[in-house]
Amino acid sequence: MRCALASLMKPIVQIARESGIAENDLFLHGRDKAKISLSALRGDRPPGRLVLVSALTPTPAGEGKTVTSIGLAQGLKLLGRRVALALRQPSMGPVFGRKGGATGGGRSTLQPAAEINLHFTGDFHAITSAHNLLAAAIDNRLHHGDAPLAPGGVLWKRVMDGNDRALRNIRVGVGGVAERASGFDITAASEIMAIMCLATSMEDLRERLARLVVGFAPDGSAVRADAFRITGALVALLRDALLPNLVQSVEGVPAFVHGGPFANIAHGCNSVLATRMALACADLVVTEAGFAFDLGGEKFIHVKCRQSGLNPALIVLVATVRALKMHGGVALGALDVLDVGAVGRGLSNLARHVEAARGFARPVVVALNRFPGDAEPEIDCVREFCRSGGVGFAVSDVFSQGGSGGVALAGSVLEHLPERIPPLEFAYDLDATAEGKLDAVARRFYGADGVTLLPEAACRLALFERSGFGRLPVCVAKTQNSLSDDPGRLGAPSGFRITVRDFELAAGAGFLVALTGRMVRMPALPRMPAAERVDVSPRGVITGIMGT
């Protein structure tokens, strides 16, 4: 049972064929979605060029990064380019929480939107099951008295794909074993999610799962997942989930949608395998990193690109007049009032992201996602900012017009694409201390004066460094609502430091997670969750989810 829009889409076998993927490399999930065998990555043609889409700091007014990514790809297709999308899967946490969906909107959506936003091909369920099987195996060994660590040394929590503040802190104890503090994270924050997104093969997946650290023994040595003898079972649960998913946009652009870590609590990018598969099928690939450039963009480069060798050719930063007004001090309820001054003040936030992105020696194009109430003088203010700074600019009307509304943006991207893509120069060296890496990120991407480690964080970091994990890249868990770690500070704050309250180790994924401010890895539902709008008609059509 599908919505009328989805019924107009091409069969996914045809989308695959047009992308150069043989039918025998597909595992079909109905007529409109499929998983792709890794054997399709044969390297028969030179890889395409990668366009990274990020944004300014998000606000409740909305930015539209995903809709812009989809609309840009549709615009490139209209200009005759062989193009594909490489995007993350939605998590049911925000689908039923604040966002109500993550497959774009209006005339720039992925289809079938309802299925993609809900269970899709079961990847999130597989990751949840694998994560919790490992948690159960740890507690089972503790119960039987033959675990290689004590209850107090266990760091591995449980996960679920939903928002539930009541599960953030729980007590765990089995059969007379001493209780310990634990909790649930959202599946998007699971290290197994990150591992699946960064793995390059089934064997790499196995090796990463085996070496992930679940806790520390009394002597301070790291205890790895392989000690619990279930690595094979974890791989079995994840075997099909590792395969990239293929769907399409409403205008027939192939979309490789796979993996879904959040950029405020994890590394925020779709899978390496899906990105490589898209690059093998298209001349231009549009991909997206979560939230703003200080979060998803920074991690895309320092985590995903650093591990995989992927190399974006150009960076698109999405902005809206409404978000700029909020960063300029306008309240949410007053955004429809003409206020060029507020737009000008809010440009300080966009300027900081532009500066950070240009630091990687890549062209930057600002995509102004037009809303119906935007006034021309406000748009001209952003246009002049970009012109005077030598930054590409285009108004994007892809929500209302689809690909035709993205042609101007597509033209600007093509105009600014470099002939030669230089190697990435990272903001920090892996031999630097973890604190030094964090300091570099905080100063360059947030505009902070440095970082402050609370005593508990310093103690935890010292344990990780003694165990040999000090050379890993850092992945900062920070509010998405501000460049600082205080969600109430909009614009481009100055005179602040980033406070790190704790660290978590993701040895299998290959990074250290620094928890800053009040950031938690299990979100909560808002007062009026989006779930209250979702329903199913007597004919089985799902309504109330964005893109349906």
Sum up the charges of everything whose Cβ sits under 13 Å from the Cβ of Val177, counting Lys and Arg as +1 and Asp and Glu as -1, but leave Val177 out. 0
Within the under-14-Å Cβ sphere about Gly447, not counting Gly447, Lys/Arg +1 and Asp/Glu -1 give a net charge of -1
Dividing the mean separation of Cα pairs under 8 Å (6+ apart) by the residue count of the chain yields a relative contact order in percent of 23
Sort Leu149, Leu414 by Cβ crowding within 10 Å, fewest neighbours at the top. Leu414, Leu149
Using just the C-alpha positions of region 434-516 as equal point scatterers, what log10 of I(q)/I(0) does the Debye formula give at each q in 0.21, 0.25, 0.26 1/Å? -0.92, -1.20, -1.27
Rounded to whole Å, √(5λ) for the Cα gyration tensor eigenvalues of the chain, largest first, gives 35, 28, 22
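What share of the DSSP beta bridges in the chain is antiparallel, in percent to the nearest 5? Don't jump to the answer; show the numbers that get you there.
On the way: 28 of 66 bridges.
Looking only at bridges with both residues in the chain, the antiparallel portion is about 40 percent.
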Exposure-ranked with fewest Cβ neighbours within 10 Å first, Ser108, Ser404, Ser494, Ser182 stand as Ser494, Ser404, Ser182, Ser108
For q values of 0.10, 0.13, 0.16, 0.20 Å⁻¹, compute log₁₀ I(q)/I(0) with the Debye formula on a Cα-only model of region 224-368, without solvent. -0.49, -0.75, -0.99, -1.25
Averaging sequence separations of C-alpha pairs under 8 Å and six or more residues apart, then dividing by the length of region 123-235, give the relative contact order as a whole percent. 28
Percent of all alpha-carbon pairs of region 123-235 at distances over 18 Å, whole number, is 49
Summing +1 per Lys or Arg and -1 per Asp or Glu among the other residues with Cβ less than 13 Å from Ala506's Cβ gives +3
Pairs from Lys35/Lys99; Lys157/Lys437; Lys33/Lys304; Lys299/Lys478; Lys65/Lys304; Lys77/Lys304 whose Cα-Cα separation, in the structure shown, is over 24 Å: Lys35/Lys99; Lys157/Lys437; Lys33/Lys304; Lys77/Lys304
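Each reported figure results from applying straightforward, stated rules to the coordinates on display, with no laboratory input. The model shown is predicted, which means the values in this text are computed figures rather than measured ones. Neighbour counts run over all protein chains shown; Cβ positions are idealised from the backbone, glycine included.
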